[in-house]
Amino acid sequence: MTVRSIDLQVLIPKISEANRSQPIQNQQNQTEQQQFAAQFQKQAELQRKQVQNSNKSEGSRISKEDTKKGSSDEREKNQKEKNKEEKANSVKDPGKGTLLDIKI
C-alpha cells in the first residue's frame, strides 16, 4: 500500500488529534472507575452501619410454659440416663450370687 504525499498532508493533522484525545479518554475512564469505587465504598459503609432487619421467627419470645416444658424434658432425660446406668451396673448373671456351693 503506497501513501501519496497528499494523503500524508491529511493524515498528519489527524494523528496529532488522535494523540491528544487518547490521554483524555484514558483519564475519563480512570475518573469514572474512581467515582464508582468511591460510591461502592460509601454503600458498603452504610450497609455495615445500618441495623439488619431480623425475621419474625428469629425474634420469637420464650414463655414461662416453654421454659417449664424444657426443664421437665431435661429432667426426664437425666432420669432416663440414670436409670440406664443403674441397669447396666445392676445387670447380673442369674446363676451367680444367689447360692453358695461349698465342697468339703
Subset of segment 1-32 that is assigned to a helix (DSSP H, G or I) and among the β-branched types (V, I, T) - its residue that is modelled with the lowest pLDDT = I6
note = Log entry, pairs with first residue in segment 79-104 being part of a helix (DSSP H, G or I) and at pLDDT below 75, second being surrounded by 10 or more Cβ atoms within 10 Å (Cβ to Cβ) and not hydroxyl-bearing (S, T, Y), beta carbons closer than 9 Å, six or more apart or on different chains, reads none
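The values are calculated or read from the model by the stated rules, or taken from the named source; none is laboratory data. Since the model is a prediction, treat every value here as computed from it, not as a measurement. For neighbour counting, all protein chains shown are included, and Cβ atoms are generated from backbone atoms with ideal geometry for every residue, glycine included.
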